[in-house]
Amino acid sequence: MARLESNRITNFMRQNIIYMVLLVLIILISILDPSFLSLRTFRDILLQCASKAIIALGVSFVLITGGTDLSAGRVVGFAAVISASMLQTQDYLRRFYPDLPDLPLIVPILIAIAAGILCGLLNGFIVSRLNVPPFIATLGTMVIVYGANSLYFDMEPNNSQPIGGLRPDFTNLGSGSVLSIPIIVIIALVISIIIWVIFNKTRLGKNMYAIGGNKEAAIVSGINVRRTLLTLYAIAGALYAVGGTLEAARTGGATNNYGNMYELDAIAACVVGGVSTTGGIGTVPGVLAGVLIFGVINYGLTFIGLNPYWQQIIKGIIIVSAVAVDIRKYYAKK
């Protein structure tokens, strides 16, 4: 009886370790500075995490299939530049498009999302049709997208100048609130719910987990692996674009270097949140918890005045520990 109870506790801790780590981080920072526990702090962390959560959820689609996506950050930057370039105020002196009339807000956003989908389709085509390993395929796409973004950013009359002077209706998406809840957080929450439904209630979600669990078995069972991968990479690209657009709105500007290294933060958040590096395992709540953990680390350690270089060390330790635990689970299962 005691052994059974011990096993239950062990299983509970394994399944909920990510949430325990998040709770411990909050408690430790709060002990060092009790003012950390405030609604304003919580709101600021959510603001910083909202767009990154969307990007991480996009990466999770690829990781669960057993792949990876190194192009995510550059697609984020591409979408930020595209949307920002078309949503500047008429009286801004250095307009990207001097003669462009005020477009409906949704139009530049949809154009940016379409660009993200095209980048995702390119990844999916290279991986599913050309059978190039995802690491190499997305590495190549990362370079291509950055080059294309830099060429676009360097167009006359902008000439690689930071894009600013964004319209208030656009920046309101990143800094505005509804009933004291940031709009960007509401958007992230709605997208998270939609993705949870895709993961758990659709054929696409089931096929995604099946491919990640055993690709050969998925093929034998009749799953169109190529089409599924193409769809998943396209969805991931769309989510990167949404995240990039919201980042431009939140920060009030964009450059071609936006999104640099975001892919590593997103992959780290997924891995820490329980998405298996071997594929087939991952949940939406886990990914969101992983994003929050790094959000608490970044904000909390700065809040208590700790040297920012310590943030990198702590993040690295957490990432390595999470992957080590995941690998042990994988070999134990085999």
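Among [x] 20.7, 77; [y] 24.7, 71; [z] 18.7, 54, which one is Rg and Dmax of the Cα atoms in Å computed from these coordinates?
Given [x] 20.7, 77; [y] 24.7, 71; [z] 18.7, 54, the structure-derived one carries the label [x].
Would you look at the GNM of the chain, springs on alpha carbons closer than 10 Å, and say which of Ala148, Ala115, Ala268 moves the most?
Looking only at Ala148, Ala115, Ala268, the largest GNM fluctuation is found for Ala148.
When the helix-only estimate is applied to the chain (DSSP H runs of n ≥ 4, each -39,500 (n - 2.57), divided by the residue count), what is the mean residue ellipticity at 222 nm, nearest 500 deg cm²/dmol?
One gets -24500 deg cm²/dmol as the mean residue ellipticity at 222 nm.
Quick check: with the 1.4 Å probe, what order do Thr302, Thr138 take by accessible area, largest first?
On the way: Thr302 90, Thr138 0 Å².
Putting Thr302, Thr138 in descending order of accessible area: Thr302, Thr138.
How high is the FRET efficiency between Ile186 and Val143 when r is their beta carbon distance and R₀ equals 41 Å, given to the nearest 0.05?
The calculated FRET efficiency here is 0.75.
In nm, to one decimal, how far is the Phe135 label point from the Leu179 one, both placed 7 Å along Cα→Cβ?
Between Phe135 and Leu179, the label points sit 4.7 nm apart.
Taking Lys315 as the anchor, which aspartates and glutamates have their alpha carbon closer than 19 Å to its alpha carbon, excluding any fewer than eight residues away along the same chain?
Glu263, Asp265, Asp326
Efficiency by 1/(1 + (r/R0)^6): what FRET value for Asn214 and Leu23, r their Cβ-Cβ distance, R0 = 45 Å, to the nearest 0.05? If you can, show how the numbers build up before the last one.
Details: r = 35 Å, r/R0 = 0.77.
Here the calculated transfer efficiency is 0.80.
Given a 1.4 Å probe and every protein chain left where it sits, what share in percent of the accessible area of segment 201-277 is carbon and sulfur?
Here it works out to 53 percent.
With a probe of 1.4 Å, find how much accessible area the chain has per residue, and write the answer as a whole number in Å². Can you show the working numbers first?
Working: 16590 Å² over 334 residues.
In whole numbers, the chain has 50 Å² accessible per residue.
Calculate I(q)/I(0) for segment 21-98 by the Debye formula, one identical point scatterer on each C-alpha and no solvent, and give its log10 at q = 0.16, 0.19, 0.22 Å⁻¹ to two decimals.
Treating every Cα as an identical point scatterer, log10 I(q)/I(0) equals -0.85, -0.92, -0.99.
Each residue of segment 238-248 in order: what ³J(HN,Hα) in whole Hz does its phi give by Karplus 6.51 cos²θ - 1.76 cosθ + 1.60, θ = phi - 60°, with x for Gly and Pro?
Running phi through 6.51 cos²θ - 1.76 cosθ + 1.60 with θ = phi - 60° gives 5, 5, 4, 5, 4, x, x, 4, 5, 5, 5 Hz.
Among Asn149, Asn159, Asn207, which one shows the highest mean-square fluctuation when the chain is modelled as a Gaussian network with alpha-carbon springs under 10 Å?
Ranking Asn149, Asn159, Asn207 by mean-square fluctuation puts Asn159 first.
Once amide H atoms are placed 1.01 Å from N in the peptide plane, what residues at a sequence separation of 5 or more from Thr68, or on another chain, have their amide H within under 5 Å of its amide H?
So Thr68 has HN proximity to Phe135.
Mind listing which chymotrypsin sites (Phe, Trp or Tyr not before Pro) in segment 12-97 are in a DSSP loop and have 15 or fewer other Cβ atoms within 10 Å?
Tyr92
Once phi is turned into ³J(HN,Hα) by the Karplus curve 6.51 cos²θ - 1.76 cosθ + 1.60 with θ = phi - 60°, what whole-Hz value does each residue of segment 132-141 show in order, with x for glycine and proline?
Per-residue couplings from phi come out as 7, x, x, 4, 6, 4, 6, 5, x, 5 Hz.
Can you tell me which of 244-254, 303-313 comes out highest on packing, and rank the rest after it, using the mean Cβ neighbours within 10 Å?
My ranking of the peptides, most packed first, is 244-254, 303-313.
Would you kindly calculate the mean projected area, averaged across all directions, of the convex hull enclosing the Cα atoms of segment 214-334, in square nanometres?
9.8 nm²
Using packing as a proxy for protection, rank 23-30, 226-233 so that the peptide with the highest average count of other Cβ atoms within 10 Å comes first.
Details: 23-30: 15.1, 226-233: 21.4.
Taking the mean over residues of other Cβ atoms within 10 Å, the ranking is 226-233, 23-30.
Just want to confirm a number: the relative contact order over segment 17-133, from Cα pairs under 8 angstrom separated by 6+ residues, in percent.
RCO, segment 17-133: 17 percent.
Which of these, Lys201, Lys215, Lys52, has the largest mean-square fluctuation under a Gaussian network model of the chain (Cα springs below 10 Å)?
Lys201
Over the chain, calculate the relative contact order: mean separation of alpha carbon pairs under 8 Å at least 6 apart, over the residue count, as a percent.
32 percent.
Can you spot the aspartates and glutamates whose alpha carbon is less than 20 Å from Lys206's alpha carbon? Ignore those fewer than 8 places along the same chain.
Within the straight-line limit of under 20 Å, Lys206 reaches these aspartates and glutamates: Glu216.
Would you kindly derive the ³J(HN,Hα) couplings of segment 205-219 from the backbone phi angles with the Karplus curve 6.51 cos²θ - 1.76 cosθ + 1.60 (θ = phi - 60°), listing them in order in whole Hz, with x for Gly and Pro?
x, 5, 5, 4, 5, 5, 5, x, x, 6, 4, 5, 5, 5, 5
Once the Cβ-Cβ distance between Lys201 and Leu306 is put in as r, and R0 is 41 Å, what FRET efficiency do you end up with, to the nearest 0.05?
The calculated FRET efficiency here is 0.45.
The values are calculated or read from the model by the stated rules, or taken from the named source; none is laboratory data. Only a predicted model underlies this, so the values are computations on that prediction, with no experimental measurement involved. Because the Cβ atoms are built from the backbone with ideal geometry, glycine has one as well, and the counts that use them run over all protein chains shown. Side chains included, ligands, DNA and RNA excluded: accessible areas come from the protein's heavy atoms. Shrake-Rupley method; radii C 1.70, N 1.55, O 1.52, S 1.80 Å.
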